[in-house]
Structure formats: C-alpha cells, structure tokens
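Before any comments, here is the structure.
The values are calculated or read from the model by the stated rules, or taken from the named source; none is laboratory data. This one's a predicted model, so the numbers in the text were calculated from it and none came from an experiment. Counting neighbours? That spans all protein chains shown, and the Cβs are built from the backbone with ideal geometry, glycine included.
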C-alpha cells in the first residue's frame, strides 16, 4: 500500500502526528509512507526511517503572492503522480483537505480519510473526504491522530502503545553542546510565553548548567538577558531543526511553554515540564512519568482560546522547580 499523510504545520502538531509512523510500520511493514509538509517544517521529518519521501510545499507563499497558488497546485499535482492508495488528512483544515483531494484522485479506488465535521474547527474540510472519523476536537491531540490513522488503516493503536513508544525524531547533532537543562523561552503567541523574570528565578533555584534555545531576534535578547544575569545560564548557538533535536536528545530535562521545541522532548523520551496558561494541558501534550505539565488556574475552552488570557505569568517558579527536582532525581 502507498499512503500519503498530510500534516502541513506547525512543529508541535507535526510531532504529535509523527508518533503514528512506528505503529503503521510495525503492523503494516510493507506500507510506503510519504508525508506532505510546509517547506519550513520539513526538517522535523528528516532522517526518519519510516518516511519514504518528504514532499515539501509552500502554501505560505500565497499570502504575499496570490499567483503563487498556481505553482503550488502544479507541485501538488506532481506529487499526486505517485498514485496513492490512501491519503490521510491529519490537519483538518480547508487548505489541507484541498491538498488531500488533489493527491488522492489519481487512481480508481483511492481513498481520502479525515476527521468528520464535528471533530475539526473548519468543518467544511470534511466535504473532501471519502471516509470521516469522529473524535471530539477537545480530546488529546495525540490520541486523535492515532484514532484517525488506526481507523483509516484498520490497525490497533492503544494508549499503552503510546506510553511505550520508541523515540521518533532523528536529528544528528552537529553542535558540541551538552547541558543538564534546556530552557525553551519562546512560543508562537505572546500569551503562551513564560516571563523571563520567572525563568531567571527558576535558573537560580535549579543551580544547574542551563542552555537557552531561541528561534528569533526577540528570543535571542531574552536568552542574552538570562545569560548576563546568571553565570550558569548559556545561550545556544544559532542552528537548524536538526541541531535542536540533537541538543534536546542530549539533555536531562527540558522546560518550556506549549510549543514545538518543548514537544520534541516528549518525542525523544526526554524528561520535560510543559508550562500551560491559555491552552489545555490535557489536550496538547501526553503526560507520562517523565513528561509533566504545570497549568495556571484559568479555565480553557479548547474550541475558543482566550486571547486575553495571560495567566501563564502567574505560575510560580518554585512550583516548576519542585517538579524539576523530582524528574532530575528520578
């Protein structure tokens, strides 16, 4: 069987979908798996032994140049020549469903599978699927992905399988860095970012060698400020996604907000603490004996996130430190 998984973005969402690959290969070892993804995130998929082909596209280019849609459709049509037996839309957006439709209409008997209209935010996307899977949107994202794939391929994926998963990111470390703890200080939204002052207090309490990873100029300034105010805090060199995977694979603990780099730790079976404010901890990560969360007291409706919820700032550094001590001892 030849299948294509459609998960275009973002980093954390892609990671939460990638866990299914090992379960597919264990039960259907001869399956050929391709994955279509936004160009900027293809690095997170690279070197994976269960992905036969990574198919990058650049739908984001359309935002600045409407005519770019023609080039992107041409690219997707070229990918469709692979003649997929099955296309799985793990994104559930209108744009991903259209991509899935183009990919899955080349041969007679091919099938497109995605979430049903009551399981996604953009319900119109379900119109493009031949088979529709129901699982409430507010359920855990990793379990949602596993149910979608298990139903599409008629395989079994249990909670036990997820808890006992093998590490599934394969970056090759090119940077010679190895620190006890990694701080992930950034996030995609301002109200998902833990304050730098709290990170500094946490560093002082931990008394460990800490590496701060960053992804843009604003985050670099925060990392620089932390470095200047604590001699045990260090700034990670600028690197690729491949380097980031390598750094996290060699640390003892990752601490950060609900964002892609923090979720890398879960994918690598590295201890982590994910800090949640305006996003739901029960949905956006998988809690294990080594992957813990801490959540502010605010109520979160996963169907309508509160843009004015900055409650992450209220989480005390000492409470994170208490969890960190347990993980570092364990």
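Brief remarks on what is shown
- Residues in the range 161-184 that are touching a strand residue (DSSP E or B) at 6+ places or on another chain (Cβ under 9 Å) and in a loop (DSSP other than H, G, I, E, B): 177, 178, 179, 180.
- Qualifying residue in the range 218-226 (condition: more than 24 Å from residue 284 (Cβ to Cβ) and touching a helix residue (DSSP H, G or I) at 6+ places or on another chain (Cβ under 8 Å)): yes
- Single unsatisfied condition, residue 210 versus (1) in contact with a helix residue (DSSP H, G or I) (Cβ under 6 Å, 6 or more places away or on another chain); (2) buried (at least 20 other Cβ atoms within 10 Å of the Cβ); (3) not assigned by TED's automatic domain parsing to the domain that holds residue 263: (3)
- If the condition is being out of contact with any helix residue (DSSP H, G or I) (no Cβ under 6 Å at 6 or more places or on another chain), surrounded by fewer than 20 Cβ atoms within 10 Å (Cβ to Cβ) and not in a strand (DSSP E or B), then the range 101-125 contributes 105, 107, 108, 109, 110, 118, 121, 123.
- Top-ranked residue in the range 46-69 [being more than 22 Å from the chain's Cα centre (by Cα) and assigned to a helix (DSSP H, G or I); ranked as surrounded by the fewest Cβ atoms within 10 Å (Cβ to Cβ)]: 63
- Helices (runs of 4 or more DSSP H) completely within the range 219-330 that count 3 or more residues being in contact (Cβ under 8 Å) with a residue 24 or more places away in the chain and surrounded by fewer than 19 Cβ atoms within 10 Å (Cβ to Cβ): 317-329
- Considering (1) part of a loop (DSSP other than H, G, I, E, B); (2) touching a helix residue (DSSP H, G or I) at 6+ places or on another chain (Cβ under 9 Å); (3) farther than 24 Å from residue 215 by Cβ, the lone condition that residue 30 does not fulfil carries the number (2).
- Residue among 111, 192, 139, 165 that alone is at pLDDT 95 or above and under 19 Å from residue 36 (Cβ atoms): 111
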